[in-house]
There are 2 protein chains.
Amino acid sequence: MTDLDTLSVNTIRGLCMDAVQKANSGHPGTPMGMAPVAYTLWQRFLRFDPDDPIWPNRDRFVLSEGHASALLWSLLYLTGVRTVDPDYEVLGRPAVTLDDLKSFRQLDSRCPGHPEYRWTSGVETTTGPLGQGVATSVGMAIAGQWLAARFNRDDFTLFDFDVYALAGDGCMMEGVSSEAASLAGHLRLSNLCWIYDSNRVTIEGHTDITFTEDVAARFLAYGWNVTTVADANDLGRISRAFHTFRAETERPTLILVHSHIGYGSPVEDSPKAHGAPFGPEGVRATKRVLGIPPDAGFHVPDGVPDWFARGIGARGAELRTAWEKTFDAYRSAYPDLADELERIQRRELPDGWEAALPTFPADPKGLASRDSSGRVLNAVAKAVPWVLGGSADLTPSTKTRLTFGGAGDFEPDDRSGRNLHFGVREHAAAAVANGMALTKLRPYWSGFLIFSDYAKAAIRLSALMEIPTVHIFTHDSIGVGEDGPTHQPVEQLAGLRATPGLLVFRPADANEVTETWRVVAALRRAPAAVVLSRQALPTFDRDRLGAASGVARGAYVLADADRGEPEVILLATGSEVALALAAHEELTAEGIASRVVSMPCWELFDRQPREYRDQVLPPSVTRRVAVEEGSTLGWDRYVGGAGAIVGMHTFGASAPLKQLLTEFGFTPERVSQVARELVASG
Amino acid sequence: MTDLDTLSVNTIRGLCMDAVQKANSGHPGTPMGMAPVAYTLWQRFLRFDPDDPIWPNRDRFVLSEGHASALLWSLLYLTGVRTVDPDYEVLGRPAVTLDDLKSFRQLDSRCPGHPEYRWTSGVETTTGPLGQGVATSVGMAIAGQWLAARFNRDDFTLFDFDVYALAGDGCMMEGVSSEAASLAGHLRLSNLCWIYDSNRVTIEGHTDITFTEDVAARFLAYGWNVTTVADANDLGRISRAFHTFRAETERPTLILVHSHIGYGSPVEDSPKAHGAPFGPEGVRATKRVLGIPPDAGFHVPDGVPDWFARGIGARGAELRTAWEKTFDAYRSAYPDLADELERIQRRELPDGWEAALPTFPADPKGLASRDSSGRVLNAVAKAVPWVLGGSADLTPSTKTRLTFGGAGDFEPDDRSGRNLHFGVREHAAAAVANGMALTKLRPYWSGFLIFSDYAKAAIRLSALMEIPTVHIFTHDSIGVGEDGPTHQPVEQLAGLRATPGLLVFRPADANEVTETWRVVAALRRAPAAVVLSRQALPTFDRDRLGAASGVARGAYVLADADRGEPEVILLATGSEVALALAAHEELTAEGIASRVVSMPCWELFDRQPREYRDQVLPPSVTRRVAVEEGSTLGWDRYVGGAGAIVGMHTFGASAPLKQLLTEFGFTPERVSQVARELVASG
């Protein structure tokens, strides 16, 4: 440990303390304890170029204990990371200034309370909800392996990056990290390194009060390499642990570091160090212990930034420029692959990818939307080689397997496969998919809609990060039938629709499925939930009815009154659109003029100009009936005060679908009756 | 293994096969493989009386792999379990008839697709979503230990029941079971036994494709006792394993059973055995293998029901009657405790429990609702000794610690404590609380509202089971402030409100908090989510304003126009009610007549008679403004087409609350301006 090492570590600590103190809010404990580990990783190991923080083969650093954000902000400031939009090019400005640090946790500061992807250059993923970072890191490691398998050639190593995640006791307790660790162990992701900050203190007290398992033994059981650092301040042992990780070729590595929360402060080793400033006196006392001038705020000694520039900066620049040189040669040798890689980085799709999208002929018997989606997904994935994914052990039911030649399985002995087996681990599946999306691949994962509950926290993060993860949910209603209420979603659509930025699609027939995928595959800055039926849905006769391309506008007129303004509008999504059509036919036969609006994506409809919205739902037609086999919550916006909603007001039941439709009132007779009553009432 | 053992096991298998075949739907694989284990447990060990399946000291059996419901239905049929409502008395009728089995998975059959609490007597908890059953079983085991500590006396052992849960590979992969197992190991719940049906086959194939961890080693790391049964058909070894469990006094036990999915069938050991009938030929072939008459459907050989009656039936009756005798003596010795126990069983509260509920004087500065709730919760818990709970490592923030004398901590060396430390394990916390509620205690758990996402699947089950679990969520909006968008809920309220049967409360001040708890503590058949602020809320002057007892009706008029009908109504919940009041005062000063409606619980308001609802929200007043720091989804129902909603349309941001209120438009000026515009518009 050189003087500059010590000086650098304590400079980080000082900045973190000061930032939290000035904000009078934040979490100083972990930065104080883990500064030496983060410093060693960044300065000596991390292959990261502050001048180009989105260089594709950089190592990834994930701060899974995201409340320690001050640690990351200090590192990004000291290394002088440049501003970048992750999907585009590097801009010149330093991303994190001393002023940003001084306005930690204030509006518009680049140093918010938790790391936010897109908002601060150098942040690889949004973290804060515990366990998410480590689970996401597994997806990054998978993506790294897959990219290597696809793009590396005997003479070109384009991808060999490592993924590091820093995790605390909280991350280790969360179920999602258990799922992800089990999967990572199975997949033998030797490019993955979790650093477990074992300070044995959580908010409620010492971990002895609730967390006494043997974490090392647990990870060995998952098939990980486990190594221990007895003292977080021992830079030599920390380095040795990272060398151990780099030497490991068969297993992911857990580095268990014994650390001291709030190191050097009066509240060291106490829960008090976790989430509150030390106070002006505490900060001064700590600075005295650490040899920092006690009254100098945000003190950066001469030589420290330069030391970082000579360490991580010089190493990163060298590696990145060498990579660029390699890539230039690669482009000459493999122009098609190089083009593909550049498109991936820019989040563009291959030219003409839409050509193979299937259209489906009218068919009264039709097919389940999970089936049509399976066909469309295969067409998309065949045209876009970096679309890959899998299911939480439900592929035969969700129909998401890629079956074309060469699709294969992603397994320890084949890193080029495009079908992943996530296991019965929905939460990890969604987080892993996020990690793959952050590495610019186009991942999907699938499960039953009811199990979106298990994955909700990771779905939310995909929306918050504005990344195009595709969440595929089948078995979307009481249409599940005999499996009963535990498996029949009711409130899930409402919860997903309420999530800002998430596009929720519930297509009505096979051609709406195709149009859904046309939108979804092209998404660059938004995730989508594609909600599909278990049961067969008729494929509508589009010669007679509105074109399925209306999906892109969120809602469209599928069937209309023969002439003039309708007396009543029937709105529906998914499997209930056919039901609305049947009711429409009944009403038409009676001489009641009705319109059917298919509404596969509320979010897209809400973004249309008022003119279009008024065209689909004319304000003058206030008699409206919405039909959806889910909670009625939210539909009032479209049916208005004079309308009615045929939806679910209770949980479902275990019975064949036909019985359930009658039991819960999803019949053409009921829907037309509700419409009839509305018309008669006024 | 006697002839009757073999005959019984194969009778169960035959019934399961036939039930699935007749339904042409269901999961025969696990029942075929695990019938010998379930049989051995029930017939030789389980302390369960079919004549009184809710006897308080019965052992609990949880079918965590709920898709194997046919196994449970067969056992309940063969043992002749009587009908019972779990909260009340035993009725005479057999709960599961042969006709029920024959109508497996049909509407109104007592044998639905997955076990449903309340619907079928003998079902201890609703299962199906994997991992939930095992996690819930931990709560039952905790409750068992707590009941023993509270009620047992040197001369009276009222509680010493064991909890068994049958789990498959899927349960073992789910994160929630990892959380729960880690907690159970820490708490040294020696009355808990998980039976791991390791058939190594899941829906996508052999577990080798994704689940290769060493489960036994993992559980040893959690601090469990682990024992293995090499052959699920070896009743002797199975019995020995249960004896091992019973002899263990320090740790929970995992019995790892190597089994064969679809045992005896043509699809044995294949994923095909999991979720589809064997087909008529397959059933016949299997019956021939197992010595069941191949053409006899639902065959129950003479002697089998009687054999069960002489086994589990006789044992259970003897234990139960002995317990009742003991309890009679106990009642004489400890009348108060006996009274308490009887109230617990009937889900009644102590007389006069409400007397100590605090009321709060008007205070413009006020206090955070998490703080007032902490005070009220302590008053409730002091009056109701079986109220207990804790937090997912956030007690100092959620203010849910019980601080009165003797409350203590529930820990391995003190089973009488009322404060639990769930650790950073929200999902398990909610499931464990469900398990405690199923054991008739009145549990709560707490966390930040954002982390309701982690626990959603268990929250849903509390609603589906209609059990009074209390979910306490603080930090309920952008009021979180500096922690930023990862910690600021937006869509969570909508998702919870859409859940059938869940009462969601967002009280506006300290007295609404008291009234919320008055409703919540008395709930017997519904769970509640109590949603609370981090920041201080003024305590309203109730002499001037509507009474807080309006909470019980879901919504009420808090402030009104001086005379006549208001021109505009302001609706709000929680922290936004004070904001609406401020806007109301601005409008009043301008001569605009407005009304403020506090709306802490939509669900209760929706249940009021139309007359009351029209009184609070007169249909003639169509100018309405809703204010809530959350997704606007759902509010249209109350504001109507002519109204406006001031809500969140994006995620939040990291900054002090004051900045955020301006940034996102939650100011009296903005609200009054929106109201003013509505009034002006016509």
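Here, each number is a calculation from the coordinates, and none is a lab measurement. Quick caveat: nothing in here was measured; it's all calculated off a predicted structure. Note: ideal-geometry Cβ built from the backbone for every residue, glycine included; neighbour counts use all protein chains shown.
Electrostatic bookkeeping for A:LEU587 treats Lys and Arg as +1 and Asp and Glu as -1; over the other residues with beta carbon under 9 Å from its beta carbon, the sum is -3. Measuring nothing but how far apart in sequence close Cα pairs (under 8 Å, 6+ apart) lie, relative to its length, the stretch B:2-318 scores a relative contact order of 25 percent. Take peptide B:641-653, look around each residue's Cβ out to 10 angstrom, count Cβ atoms belonging to other protein chains, and average those counts. Partner-chain Cβ atoms within 10 Å, mean over residues of B:641-653: 3. Note on B:LYS325: aspartates and glutamates with a C-alpha under 20 Å away, same-chain residues under 8 apart excluded, are B:ASP49, B:ASP51, B:ASP52, B:ASP59, B:GLU89, B:ASP154, B:ASP155, B:ASP160, B:ASP336, B:ASP339, B:GLU340, B:GLU342. Assuming charge only on the beta carbon of Lys and Arg (+1) and of Asp and Glu (-1), the dipole of the stretch A:2-318 about its Cα centre is about 160 debye to the nearest 20.
The amide H of A:MET648, built 1.01 Å from its N in the peptide plane, has A:GLY630, A:SER631, A:THR632 as neighbours under 5 Å, considering only residues 5 or more places off or on other chains.
Among A:423-430, B:624-631, the peptide with the highest mean count of other Cβ atoms within 10 Å heads the list, and the full ranking is A:423-430, B:624-631. Summarising the amide proton neighbourhood of B:THR228: residues at separation of 5 or more, or on other chains, whose placed amide H is nearer than 5 Å comprise B:LEU256. The Cβ shell under 14 Å around B:ARG93 holds other residues with a net charge of -4, Lys and Arg each +1, Asp and Glu each -1. What shape does the protein assembly as shown have by the C-alpha gyration tensor, where a ≥ b ≥ c are the square roots of the eigenvalues, rounded means a/c under 1.5, and otherwise prolate means a/b greater than b/c and oblate the rest? Cα axes put the protein assembly as shown in the rounded bin.
Taking the DSSP beta bridges with both ends in chain B, the antiparallel portion is around 20 percent. Look at the stretch A:195-204: the mean tally of other chain Cβ atoms within 10 Å of its residues' Cβ atoms is 3. What's the center-to-center distance, using Cα atoms, between the stretch A:279-306 and the stretch B:130-159 in Å? About 53 Å separates the Cα centre of the stretch A:279-306 from the one of the stretch B:130-159. Between the helical axis of A:369-383 and the longest alpha-carbon principal axis of chain A there is an angle of about 50 degrees.
Could you tally the net charge around B:ALA230, taking each other residue with its Cβ under 12 Å from the Cβ of B:ALA230, Lys/Arg +1 and Asp/Glu -1? Local net charge: 0.
With a/c under 1.5 counting as rounded, go ahead and sort the stretch A:27-134 into rounded, prolate or oblate using the C-alpha gyration tensor (a ≥ b ≥ c being the square roots of the eigenvalues; past the cut-off, prolate if a/b is larger than b/c, else oblate).
rounded
Rounded, prolate or oblate for the stretch A:352-463? Axes are the square roots of the Cα gyration tensor eigenvalues, ordered a ≥ b ≥ c, and the cut-off for rounded is a/c under 1.5. The shape class here is oblate.
Think of each Lys and Arg Cβ as +1 and each Asp and Glu Cβ as -1; about the Cα centre, that makes the dipole of the stretch B:351-536 roughly 420 debye. Give me the distance between the Cα centres of the stretch A:1-80 and the stretch B:78-116, rounded to whole Å. Here the answer is 61 Å between Cα centres.
Count neighbours as other Cβ atoms within 10 Å of each site's Cβ, and list the chymotrypsin sites (Phe, Trp or Tyr not before Pro) in the stretch B:352-413 that are DSSP loop with at most 14 such neighbours.
Of the chymotrypsin sites (Phe, Trp or Tyr not before Pro), the ones in loops of the stretch B:352-413 whose Cβ has at most 14 other Cβ atoms within 10 Å are B:PHE404.
Residues in the stretch B:647-652 carry Karplus couplings, in order, of x, 9, 10, 9, 6, x Hz; the curve used is 6.51 cos²θ - 1.76 cosθ + 1.60 with θ = phi - 60°, and Gly or Pro positions show x. In the protein assembly as shown, the DSSP beta bridges split such that about 20 percent are antiparallel, to the nearest 5. Spatially, the stretch A:447-511 and the stretch A:517-538 are offset by 10 Å when compared through their Cα centroids. Output the 0 to 90 degree angle, nearest 10, between the alpha-carbon long axis of helix A:314-333 and the longest principal axis computed from the alpha carbons of chain A. Roughly 50 degrees between the two axes. The GluC sites (Glu not before Pro) found in the stretch B:229-308 that occupy coil by DSSP, while having at most 10 further C-beta atoms within 10 Å, are B:GLU250. Couplings 3J(HN,Hα) for the stretch A:299-312, derived from phi with the Karplus relation 6.51 cos²θ - 1.76 cosθ + 1.60 (θ = phi - 60°), are 6, 10, x, 3, x, 5, x, 5, 4, 5, 4, 7, x, 4 Hz, where x marks Gly and Pro. Assuming charge only on the beta carbon of Lys and Arg (+1) and of Asp and Glu (-1), the dipole of the protein assembly as shown about its Cα centre is about 0 debye to the nearest 20. Between the Cα long axis of helix B:175-187 and the first principal axis of chain B there is an angle of about 80°, rounded to the nearest 10. Of the trypsin sites (Lys or Arg not before Pro) found in the stretch A:427-496, none is in coil by DSSP with at most 16 other Cβ atoms within 10 Å of its Cβ.
Checked against a 18 Å cut-off, the cross-linked pairs A:LYS456/B:LYS456; A:LYS456/B:LYS272; A:LYS456/B:LYS658 give Cα-Cα distances beyond that limit for A:LYS456/B:LYS272; A:LYS456/B:LYS658.
Within straight-line reach of B:LYS102, meaning a Cα separation under 18 Å, sit the following aspartates and glutamates at least 8 residues removed in sequence or on another chain: A:GLU482, A:ASP483, B:ASP18, B:GLU116, B:ASP295.
When a footprinting reagent is the concern and you count Cβ atoms within 10 Å, what order do A:TYR612, B:TYR638 take, fewest first? Walk me through the numbers before you get to the answer.
Numbers: A:TYR612 15, B:TYR638 23.
Placing the least packed residue first, the sequence is A:TYR612, B:TYR638.
Shielding by partners for peptide B:417-426, expressed as the average number of C-beta atoms from other protein chains within 10 Å of each residue's C-beta, is 6.
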